[in-house]
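Only the coordinates and a few stated rules stand behind these numbers; no lab work does. Source: prediction; values computed, not measured. Using ideal geometry, Cβ is built from the backbone for each residue, glycine included, and neighbour counts are taken over all protein chains shown.
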Amino acid sequence: MFTLPLLPYSTTAFGDLISVETFEYHHGKHHKSYVDKANKLVAEDEALAGKSLVELILSAKGGLFNQVGQIWNHSFYWLCLSPEAKTPGGKLAEMIASQFGSHAKLLEKLKEEATGHFGSGWTALLIDGERLQVKSYHDADCPVKHGDTPLLILDVWEHAYYVDYRNNRAAHIEAILDKAIDWDFVALNLDRKGTERADQKG
Ligand code: MN
C-alpha cells in the first residue's frame, strides 16, 4: 500500500505564498486521490502486488501510470519547498554559476520554462553527469520514467496555484522560486540523497 506522506512543514508556514487552503486541496485531496486510486488499481491486479513505486512507474501504462507518476512527483515536490528563504551553497552554487552565469539567471530560465509549458505538467532542474539541465514533463509524466535525476521539481498544474493566484501561473512560479525553494534539499539531490525519500517501497 502506498501512503500519503506527511508534509515536512505546517500548512500555515508559507502564509499567503501558499495558503492553508491550497495545501488542504493540493496535498489533502489531489495527492491523496492519486495514492487512493493507485492502491485500488494495484489491489485489483495480483500481478502488481508488492511492486515498488519506482517499479510501477517504469512498467505501468495509462491510468495506473498517471497515479504512480503523480505520487512520485508530488512526494518529491513537497520536499523541494521550504518556508525559510534559502539560497544554493557549496558545489551546487558553483555549478549554477559556471553553467547558467548566476543564480538569478537559473531562476529566469526555470520561470520561463515553467510559465511557457503548455497545459499541465512539471518543470524540473536535472543533473545529467556534471551538467545541470532544465526540462519539462507533460501531465503525470515523471523524471523517474526517463532515468532522469531531478534536483528540483515545480508543479505547473492549475491545481497548484488556482486557489491563491487564479490563472496567474507566472506569479505563482516567481513567488515559489524566489521565496520557497529548499536549496539545501536541491543540493542533497546532487548525489540522489533526497530523491530516495520519494521512492516509496509500497
Ligand atoms: Mn499537483
Pairs, first over 21 Å from Asn66 (Cα atoms) in the range 13-37, second exposed (fewer than 15 other Cβ atoms within 10 Å of the Cβ), C-beta under 6 Å, six or more apart: Val20/Thr12
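Could we say that Arg192 is touching a residue at least 24 places away in the same chain (Cβ under 8 Å), within 16 Å of the ligand (Cβ to nearest atom) and not aliphatic (A, V, I, L, M) here? Steps first, answer last, please.
Numbers: touching a residue at least 24 places away in the same chain (Cβ under 8 Å): yes; within 16 Å of the ligand (Cβ to nearest atom): no; not aliphatic (A, V, I, L, M): yes.
Judged against the criteria, Arg192 is not a match.
For every residue, the table says whether it meets (1) among the basic types (Lys, Arg); (2) touching a helix residue (DSSP H, G or I) at 6+ places or on another chain (Cβ under 7 Å); (3) more than 30 Å from Arg166 (Cα to Cα).
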| residue | (1), (2), (3) |
| --- | --- |
| Val20 | no, no, no |
| Tyr34 | no, yes, no |
| Asn39 | no, no, yes |
| Leu48 | no, yes, yes |
| Leu56 | no, yes, yes |
Given (1) within 11 Å of the chain's Cα centre (by Cα); (2) more than 19 Å from Phe14 (Cβ to Cβ), identify the lone condition not met by Leu106. (1)
Report yes if some residue within the range 138-145 is free of Cβ contacts under 8 Å to residues at least 60 places away in the same chain and in contact with a His (Cβ under 7 Å, 6 or more places away or on another chain); otherwise report no. no
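Being in a helix (DSSP H, G or I), under 20 Å from the mean Cα position of the chain (by Cα) and exposed (fewer than 15 other Cβ atoms within 10 Å of the Cβ) is the filter here; which residues of the range 82-102 pass it? Step through it out loud before you land on a result.
Within the range 82-102, the subset in a helix (DSSP H, G or I) is 90-100.
With the extra rule that they be under 20 Å from the mean Cα position of the chain (by Cα), the set shrinks to 92, 96.
Correct list: empty.
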If I go through the range 158-179 residue by residue, how many of them are touching a residue at least 12 places away in the same chain (Cβ under 8 Å) and more than 15 Å from the ligand (Cβ to nearest atom)? 6
